[in-house]
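Since the structure comes first, as structure tokens, the remarks are kept for the end.
The numbers here are math on the coordinates, done by the rules we state, and not lab data. Predicted model, so just to flag it, every value in this text is computed and none were measured. Every residue, glycine as well, gets a Cβ built from its backbone with ideal geometry; the counts of neighbours run over all protein chains shown.
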Amino acid sequence: LCLEDLTERHVYCCQTGMARFRPHRNILVTLANALRDLGGHIDMERYCADLISQHPNGDSKEAWLDVCAHFPGHTQMWRLDVTLRSTWAFKGRARWTPGMAASAGVAAKAARYGEPVTAIAMEPLRRMAETSRNALWEMAQQARDKRLTNIAPSQGYRKLRLSLERALLWSMAERLI
């Protein structure tokens, strides 16, 4: 349990218990459901043996990705890992730079997994990293390319993004309550 006072800032930075895991899980499930609605085949919490990282001291770190999505007719498997980064964790001017924390989340996932994994990185105030937005657009485009959905890619992208933002805002509100 976290014994700190629940100030507005602390709520966004707390890394203890459900305050950390529930928003992440809400985004993960929302992303999976939205991609399924677009016609994608979805695996959640998928083990990827090819992404195990070996450390020089002999230790290895397993790779469990949040969502793996495939759109029938396309050869690309989307390996997605959700990350939420707080803007209040940064010092100075970086705290007020839109998307800075989300971009740091993308960089951390790239350092951990490399190219095959796309980070869906968000900040508590709905900001999303540019690479995450681009990935959502490409997935909406793939769904439309093979006629898996009747909606235009712009509408599919908007549906994906708005559902993720709504889930994040509801999770943040729940933390405040």
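Annotations for the structure displayed:
- Overall form of the range 46-177 per C-alpha gyration tensor (a/c, 1.5; a/b vs b/c): oblate
- Listed by chain and number, the aspartates and glutamates placed with their C-alpha closer than 17 angstrom to that of residue 109 are 45, 50, 62, 66, 81, 123, 130; residues fewer than eight positions away on the same chain are left out.
- The aspartates and glutamates whose alpha-carbon is closer than 16 Å to the alpha-carbon of residue 146, local same-chain residues fewer than 8 away aside, are 37, 138.
- Amide H contacts of residue 53 (H built 1.01 Å from N, in plane; Pro and chain starts excluded): 61 sit under 5 Å, all sequence-distant by 5 or more or on other chains.
- Placing a label point 7 Å from the Cα of residue 146 along the Cα-to-Cβ direction, the residues of the range 37-61 with a backbone N closer than 20 Å are 37-46.
- Dividing the mean sequence gap of close Cα pairs (under 8 Å, 6+ apart) by how many residues the range 32-177 holds gives a relative contact order of 19 percent.
- Among 169, 141, 151 - extreme Cα towards positive end, dipole of the range 137-177, charges at beta-carbon: 151
- Amide H contacts for residue 83 (H built 1.01 Å from N in the peptide plane; partners 5 or more residues away or on another chain; cut-off under 5 Å): 120, 121, 122.
- Multiplying the residue separation of residue 52 and residue 29 by 0.36 nm and removing their Cα-Cα distance gives an extension gain of 5.9 nm.
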